[in-house]
Amino acid sequence: MDLNWSSEDRAFQDEVRAFLDDQLTPELRRRGKLMTSVYADHETGMEWQRRLHAKGWAAVGWPKEFGGTGWGVVKRYIFAREMSKAGAPPVSPMGIGMCGPVLIGHGTKAQQDFYLPRMLSGEHFWCQGYSEPGSGSDLASLQMSAVEDGDDFICNGHKLWTTHAAHANWIFCLVRTAREAIPQKGITFLLIDMTTPGVEVKPIISLSGEHIQNDIFFTDVRVPKANAVGRIGEGWTVAKYLMQFERGGSAYAPGLAARLEKIRASAQAEGLTGDRGFVMRLAEAGVAIEALEAIELRAMSRLSNGEAPGAESSLTKTVGTELSQRLTELAVEAAGAYAQPYQPHATAPGGPTPHFTPPADDFVAGPERAWTVTAKYLNDRAGSIYAGTNEIQRNIMAKAVLGV
């Protein structure tokens, strides 16, 4: 396993830094710095995607023939690290990061030719229709039905916790097209136009006061059978393929390391460097982040050699999200009393805050370093739940690694 950067890797790192210096405007940097969610707001994410697309860097994980960069895992890791260091806002992962790879791996040529270019340009903005009431981690119990009617399906059901559905014009859904003794059978992966009659989106307001997630209700929604990805009734195979990108498609360590440095600076400003217990917890977090980075680099080395990461995708998801939650707790502690005011007008929320009215004079309490910490803490409670709960990830690791 060789973890050293080559001269070509270092030249690429310089190219990425030059691009970020040129294209990451002061306003985009400000929004990235003041994010309170794992997602940028829709307008910020789309503006950054347009700039990346113009460079040809919107889809770093796609092959060149589909409009991607064709980069190997080393370049993708370097790119992710430099993006984190520069404070660039993220691009929504639902289209380019999840549905795109599925279409490349399982879609027809007609589907690839139609959807992928529009995904890159931002003409199509996607959301994910997996979770339902009572069907989250136990996704195979989903109930949304798709009944065949000639060349179409008639879809009825309810999806929830759907991120940015209020902005999306397309959704990829798991639907039940047959009732089988084995619940994983009879499920189909279906692409649905959100403008189709019968689709209704209702907001879910999070603990942080942001409108990011949504309920979606489908009432007699007519969807062409041509929108099924993979074989009808075999969508579970497609869904498992997508999960590889949702759970293991991110390098957590670079972003965590950048956040830890900000917490250290805040602690120093608040005079907490003399608090031995707090300093010890910062050090422990730093060691854990370095250990996670070693695992990510090891997985990257394996991928470079054509090997599959296996259970390490579950490991990095579990450790990465739990470390992220630990950092939010440290950030709140470092901010002290300044963490108490609720003032989303001073930050860059992941969505509207409909129940908040800013003060008439736009007054903001406390130093800038404390403005986002409580909203990030509240948002990040979902980190160990989304993309398969960490309890489920531990079951996967126990089975794959320990054989239990």
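The values are calculated or read from the model by the stated rules, or taken from the named source; none is laboratory data. These numbers were taken from a predicted model, which means no experiment stands behind them. Positions of Cβ are backbone-derived with ideal geometry, glycine not excepted, and every protein chain shown enters the neighbour counts. The area values use the complete protein model at the heavy-atom level, side chains included, leaving out ligands, DNA and RNA. Shrake-Rupley method; radii C 1.70, N 1.55, O 1.52, S 1.80 Å.
Extension gain ASP362-GLU8, at 0.36 nm per residue separation less the Cα-Cα distance, in nm?
On the way: separation 354, 0.36 × 354 = 127.44 nm, distance 4.84 nm.
Contour length minus the Cα-Cα distance gives 122.6 nm.
How large is the dipole of the range 246-391 about the Cα centre if only Lys and Arg carry +1 and Asp and Glu carry -1, each at its Cβ, rounded to the nearest 20 debye? List each step's numbers first, then the result.
Details: 13 positive and 18 negative charges, 24 e Å.
Value, rounded to 20: 120 debye.
With 20 Å as the cut-off, how large is the P(r) tail for the range 81-143, expressed as percent of Cα-Cα pairs?
Working: 931 of 1953 pairs.
So the portion of pairs separated by more than 20 Å is 48 percent.
Rounded if a/c is under 1.5, else prolate if a/b is larger than b/c, else oblate: which is the range 219-291, with a ≥ b ≥ c the root eigenvalues of its Cα gyration tensor? Show your work: numbers first, answer last.
Details: a/c = 5.22, a/b = 3.29, b/c = 1.58.
Since a/c reaches 1.5 and a/b is larger than b/c, the shape of the range 219-291 is classed as prolate.
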- Query: Hey, with R₀ at 30 Å, roughly what FRET efficiency would ASP220 and GLU180 work out to, going by the Cβ-Cβ distance, to 0.05?
  - Reply: 0.80
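Please work out the ratio of the alpha-carbon Rg of the range 171-226 to 2.2 N^0.38 Å and round it to two decimals. Don't skip to the answer; put the middle values down first.
On the way: Rg = 14.3 Å, N = 56, 2.2 N^0.38 = 10.2 Å.
So the Cα radius of gyration is 1.41 times the expected 2.2 N^0.38 Å.
Given an 8 Å cut-off on Cα distances and at least 6 residues of separation, report the relative contact order of the chain as a percent. Mind dumping the intermediate values first?
Values: 663 pairs, mean separation 71.9, N = 404.
Across the chain, relative contact order equals 18 percent.
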- Query: Counting alpha carbon pairs within less than 8 Å and at least 6 residues apart, what relative contact order, in whole percent, applies to the range 3-74?
  - Reply: 16
- Query: P(r) of the chain in 20 Å steps, Cα pairs, percent per bin?
  - Reply: 25, 59, 16, 0
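Just need the relative contact order of the range 98-186 here, percent rounded to a whole number, with Cα pairs under 8 Å and 6+ apart.
Details: 111 pairs, mean separation 26.1, N = 89.
Relative contact order here is 29 percent.
How many percent of all Cα-Cα pairs in the range 1-154 sit more than 28 Å apart?
Values: 3858 of 11781 pairs.
Cα-Cα pairs in the range 1-154 separated by more than 28 Å: 33 percent.
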- Message: Helix 42-55 against the longest principal axis of the chain: what's the angle in degrees, Cα atoms only, rounded to the nearest 10?
- Response: 80
- Item | Helix-only mean residue ellipticity at 222 nm for the chain, each DSSP H run of n ≥ 4 adding -39500 (n - 2.57), per residue, nearest 500 | -14000 deg cm²/dmol
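How many percent of DSSP beta bridges within the chain run antiparallel, rounded to 5?
Values: 29 of 36 bridges.
Approximately 80 percent, going by the DSSP bridge assignments.
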- Task: Counting residues in the range 329-404 as N, plug N into 2.2 N^0.38 Å and put the Cα Rg over that result.
- Result: 1.58
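At 1.4 Å probe size, with the rest of the protein present, what percent of the exposed accessible area of the range 174-223 is carbon and sulfur atoms?
Values: 1180 of 2230 Å².
Roughly 53 percent, rounded to a whole number.
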- Query: Taking the alpha-carbon set of the range 1-58, what are its Rg and Dmax in Å?
  - Reply: 14.2, 41
- Note on the structure: Rounded to the nearest 10 Å², the 1.4 Å probe accessible area of ASP41 is 30
- Query: On average over all directions, what projected area in square nanometres does the range 90-189 have, based on the convex hull of its Cα atoms?
  - Reply: 7.3
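What is the diffusion coefficient of the range 134-189 in µm²/s, taking the Kirkwood radius over Cα pairs and the Stokes-Einstein relation at 4 °C with a viscosity of 1.567 mPa s? Present the calculation step by step, with values, prior to reporting the outcome.
Details: Rh = 12.4 Å.
Roughly 105 µm²/s, to the nearest whole number.
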- Item | the range 175-181 - phi-based ³J(HN,Hα) in whole Hz, Karplus 6.51/-1.76/1.60, Gly and Pro as x | 10, 9, 9, 7, 9, 10, 5
- Item | For the range 176-275, fraction of C-alpha pairs farther apart than 15 Å, in % | 78
